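The values are calculated or read from the model by the stated rules, or taken from the named source; none is laboratory data. Every value quoted in this text rests on a predicted model; they were computed, and no experiment measured them. Note that we place each Cβ from the backbone using ideal geometry, even for glycine, and neighbour counts take in every protein chain shown. When the accessible area is computed, the model is the full protein with side chains, heavy atoms only, and any ligands, DNA or RNA have been set aside. Shrake-Rupley method; radii C 1.70, N 1.55, O 1.52, S 1.80 Å.
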Amino acid sequence: RVKVYLLSEESEWLDIGTGFASVAFVKKLDGPAIKVVCEETRRLLLQVKVHPTDIYQHSQDNIITWNEPDPEAAAELALSFQEHQGCVTIWEKIKDVQRQLNARAERQARESGGSGGGAAGAKSGGAAAEGSGGAG
């Protein structure tokens, strides 16, 4: 179980809801995403693309925070997990996806003769996390 929080303009954490988190490929976003589904209604509480850059922070034992850079969803978000293992599972999935996205971007840069690396072109990292990894 995880609680989703959004930092308001007044710098207060707003509780968006409680649900179950996963990292999975989302066709609509054309790539891997962090998803949280409400435990009661099964509606989507959060669905944001995993970014290849190092925007995520793992603090305390059970919290993951980040500033969402997507202009359509720009916000500071936090996931507060009920259990440490759930947090570790999602954290490791995010890091795995980032490694895959960056490796793909580096391969594409080499194949196209480009000199860039890292996150360049990583937005096309679509199938990097097919399947899903969940944590409760």
Checklist outcome for this item: Per the filter on region 8-32, residues without any contact (Cβ under 8 Å) to a residue 12 or more places away in the chain and farther than 25 Å from Lys95 by Cβ are Ser8, Glu9, Glu10, Ser11, Glu12, Leu14
Item to check | Val36, sole failed condition from (1) in contact with a helix residue (DSSP H, G or I) (Cβ under 9 Å, 6 or more places away or on another chain); (2) in contact (Cβ under 8 Å) with a residue 24 or more places away in the chain | outcome: (1)
Checklist entry - Do you know which residues across region 83-94 are out of contact with any strand residue (DSSP E or B) (no Cβ under 7 Å at 6 or more places or on another chain) and open to solvent by 40 Å² or more (accessible area, probe 1.4 Å)? => result Glu83, His84, Gln85, Glu92
Checklist entry - What is the number of the single condition among (1) out of contact with any Phe, Trp or Tyr (no Cβ under 9 Å at 6 or more places or on another chain); (2) at pLDDT below 95 that Asp61 does not meet? => result (1)
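Give me the residue from region 20-52 that is assigned to a strand (DSSP E or B) and of a type in the set (S, T, N, Q) and, out of that set, most open to solvent (accessible area, probe 1.4 Å).
So the first thing to find is which residues in region 20-52 are assigned to a strand (DSSP E or B), and the list is 20-26, 31-38, 44-49.
Now narrow it down to the ones that are of a type in the set (S, T, N, Q): 22, 47.
On the way: Ser22: 26, Gln47: 51 Å².
Here the answer is Gln47.
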Checklist entry - Can you find even one residue in region 53-66 that is in contact with an Asp or Glu (Cβ under 6 Å, 6 or more places away or on another chain), surrounded by fewer than 16 Cβ atoms within 10 Å (Cβ to Cβ) and either of a type in the set (Asp, Glu) or within 26 Å of Glu10 (Cβ to Cβ) (or both)? => result no
Item to check | Hey, Asp30 on the phi > 0 side of the Ramachandran plot and of a type in the set (Asp, Glu) or not | outcome: yes
